[in-house]
Amino acid sequence: MPKLIIFAILIVLILGAGFYFLEVKDKEIMTKEIKEPKAKSQDVSVRKEKIDKKPQEKISIITIFDNYQSNLELETGWGFSCLIKTPEEDILFDTGADSKTLLSNMKKLEIEPGRIDKIVLSHIHSDHIGGLEGALKKNPEVIVYIPSSFPYRMRKKINSLGAKHQDIKTNQKISENIYSTGELGTWIKEQSLILDTEKGLTIITGCAHPGIVEIIKKAKEMFPDKKIYLVMGGFHLSGVSDSELERIVREFRNLDVQKAAPCHCSGDRCRELFLEEYQDDFIKNGVGKIIEI
């Protein structure tokens, strides 16, 4: 009888230990299962946040300063400036001839100078850099990209207003999908901008002193597999003969330029001939014009 009691006690102890072990393991498994989904949930939320914050692809180019007029509420003036609005940042290309007109038009267009991230100057002429001081007084927290041929006094002026400058000699990336052609030309050195968009390349010129066709060819050299969607800005063709203008329009077609938006120093006759050739693909550019890509 005592042996049976001892045996029974051993059985109870063994079973109790087994149940305890299983309970502990179950708790460990449950704890692990609770923790793992939580970690996965955090990963999903991080991925979702990244997807939600994926920038839209739309780019807007707003002409702020020009001698041609698109918006009658804005002031015109001899010179050129445009704002490039991307999902990542705002870039001011050239600053027109004077700060007063530039800032007045920006205010009417509801463009905040403080939101500008970078300024790119095409060349040294006053109708493209005249509004720089006013822009930097409103927002010195920018980098000003200048051709390396700019005189020392320009660097000194930029730095004295609290901004930084970066010299541009050869073609290089300025921002996400935005590039400088680098300095082109001999007598008057000038840089233009190239925007790499889903529709193709958009080329923005200040005055195109090196030659508008040469600038387009430079863009195609930099991006041989890309088509040219749009060429806009000053083409420097005012006063040029009809035969030369017709040749340049043909060159645009030969280079497969889809749309043209000449303004500033392009000249009335230039705009007429491009309109005749490009029809619906001609953009009547001027101060206040907004081009969305």
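Numerical summary
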item: Residue in segment 221-234 that is farther than 30 Å from V249 by Cβ, among the hydrophobic types (A, V, I, L, M, F, W, C) and either assigned by TED's automatic domain parsing to the domain that holds E89 or surrounded by fewer than 23 Cβ atoms within 10 Å (Cβ to Cβ) (or both) present; result: no
item: Identity of the residue in segment 202-215, aliphatic (A, V, I, L, M) and surrounded by 23 or more Cβ atoms within 10 Å (Cβ to Cβ), that ends up nearest to E272 (Cα to Cα); result: I212
item: Selection from segment 73-130 of residues that are surrounded by fewer than 17 Cβ atoms within 10 Å (Cβ to Cβ) and under 11 Å from the mean Cα position of the chain (by Cα); result: P87, E88, E89, D117
item: E246 farther than 18 Å from Q69 by Cα and of a type in the set (D, E); result: yes
item: Answer from I174, I212 - the residue that is assigned by TED's automatic domain parsing to the domain that holds T76, within 22 Å of V120 (Cβ to Cβ) and in contact (Cβ under 8 Å) with a residue 60 or more places away in the chain; result: I174
item: Some residue of segment 229-245 being in contact with a Lys or Arg (Cβ under 7 Å, 6 or more places away or on another chain) and aliphatic (A, V, I, L, M); result: yes
item: Any hit, segment 247-257, residues being in contact (Cβ under 8 Å) with a residue 60 or more places away in the chain, surrounded by fewer than 22 Cβ atoms within 10 Å (Cβ to Cβ) and of a type in the set (D, E, K, R); result: no
item: K156, sole failed condition from (1) assigned to a helix (DSSP H, G or I); (2) under 25 Å from A261 (Cα atoms); result: (2)
item: Conditions (1) under 26 Å from the mean Cα position of the chain (by Cα); (2) in a helix (DSSP H, G or I); (3) of a type outside the set (V, I, T); number of the one not met by M232; result: (2)
item: Cross-chain or 6+ apart pairs with Cβ under 7 Å, segment 270-281 first and within 18 Å of S238 (Cβ to Cβ), then aromatic (F, W, Y) and crowded, with 18+ Cβ neighbours inside 10 Å; result: C270/F235; F274/F282; L275/F282
item: Residues (surrounded by fewer than 14 Cβ atoms within 10 Å (Cβ to Cβ) and over 19 Å from the mean Cα position of the chain (by Cα)) located in segment 138-158; result: S148, P151, Y152, R153, K156
item: So C265, is it touching a residue at least 24 places away in the same chain (Cβ under 8 Å), part of a helix (DSSP H, G or I) and in contact with a Cys (Cβ under 6 Å, 6 or more places away or on another chain); result: yes
item: Scope segment 116-140; condition assigned to a loop (DSSP other than H, G, I, E, B), touching a helix residue (DSSP H, G or I) at 6+ places or on another chain (Cβ under 8 Å) and farther than 14 Å from S81 by Cα; matching residues; result: N139
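The values are calculated or read from the model by the stated rules, or taken from the named source; none is laboratory data. Small disclaimer: the values here were computed from a predicted structure and weren't measured. Quick reminder, even Gly has a Cβ in these numbers, built from the backbone with ideal geometry, and neighbours come from all protein chains shown.
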